[in-house]
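Colleague: Take this structure, written in structure tokens, and hold onto it; I'll ask about it next.
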Amino acid sequence: MPTEQEMKANMQNYLDGFNEGDSEKVISLFAEDARVEDPVGSDPLKGIASIASFFQQSVPSVKRLELAAPIRGSHSNSAAMAFNIYVEIEGKESVIRCIDVMTFNDDGFIIDMKAYWGPEDIHS
């Protein structure tokens, strides 16, 4: 099982990948058989090919990600972070307030990611 520090470091790498505009850095954090549900309630993406396609489109569309609070660990193999997504939606500068919960495999790769945000979390 990854340590709390390893999980937090990988979540920081996720943020950094977005902020550097590096979709490959973000994709490299996921296991081959990972699952992503972004936002929760949408059809989950399964497998690295679907996940790679998603991040190749989403990373360039995001201006920046910014933590709203420190990344939180757990007593198990999951960690969470609250952050703001700065993006343009329909020509308007917007902020999406989001919480991601990520679960890691024994090798430290993300095997499950759930992004919690809804329509009321988008602010222009």
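The values are calculated or read from the model by the stated rules, or taken from the named source; none is laboratory data. If you're wondering where the values come from, they're calculated on a predicted model, not measured in any experiment. Glycine gets a Cβ as well: all are built from the backbone with ideal geometry, and neighbour counts include every protein chain shown. These area figures cover heavy atoms from the full protein model, side chains too; ligands, DNA and RNA do not enter into them. Shrake-Rupley method; radii C 1.70, N 1.55, O 1.52, S 1.80 Å.
Colleague: Return a yes/no flag: does the stretch 64-84 have any residue that is among the polar types (S, T, N, Q), part of a strand (DSSP E or B) and either open to solvent by 60 Å² or more (accessible area, probe 1.4 Å) or modelled with pLDDT of 95 or more (or both).
Modeller: yes
Colleague: I'd like the full set of residues that are surrounded by 13 or more Cβ atoms within 10 Å (Cβ to Cβ) and out of contact with any helix residue (DSSP H, G or I) (no Cβ under 6 Å at 6 or more places or on another chain), limited to the stretch 42-52.
Modeller: Selection gives P44, K46, G47, I48, S50, I51.
Colleague: Based on this model, can you work out whether F55 counts as surrounded by 12 or more Cβ atoms within 10 Å (Cβ to Cβ), assigned to a strand (DSSP E or B), within 12 Å of the chain's Cα centre (by Cα) and not hydroxyl-bearing (S, T, Y)?
Modeller: Criteria not met by F55.
Colleague: List every residue pair whose Cβ atoms lie under 7 Å apart, where the two residues are 6 or more positions apart in sequence or sit on different chains, the first residue falls within the stretch 36-55 and is free of Cβ contacts under 8 Å to residues at least 40 places away in the same chain, and the second residue, located anywhere, is open to solvent by less than 40 Å² (accessible area, probe 1.4 Å) and among the charged types (D, E, K, R).
Modeller: Qualifying pairs under 7 Å: P44/E37.
Colleague: From the list F30, F109, which one is under 12 Å from the mean Cα position of the chain (by Cα), touching a residue at least 24 places away in the same chain (Cβ under 8 Å) and more than 15 Å from I122 (Cα to Cα)?
Modeller: F30
For every residue, the table says whether it meets (1) hydrophobic (A, V, I, L, M, F, W, C); (2) in contact (Cβ under 8 Å) with a residue 40 or more places away in the chain.
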{"residue": "E6", "(1), (2)": "no, yes"}
{"residue": "M11", "(1), (2)": "yes, yes"}
{"residue": "D16", "(1), (2)": "no, no"}
{"residue": "N19", "(1), (2)": "no, yes"}
{"residue": "K25", "(1), (2)": "no, no"}
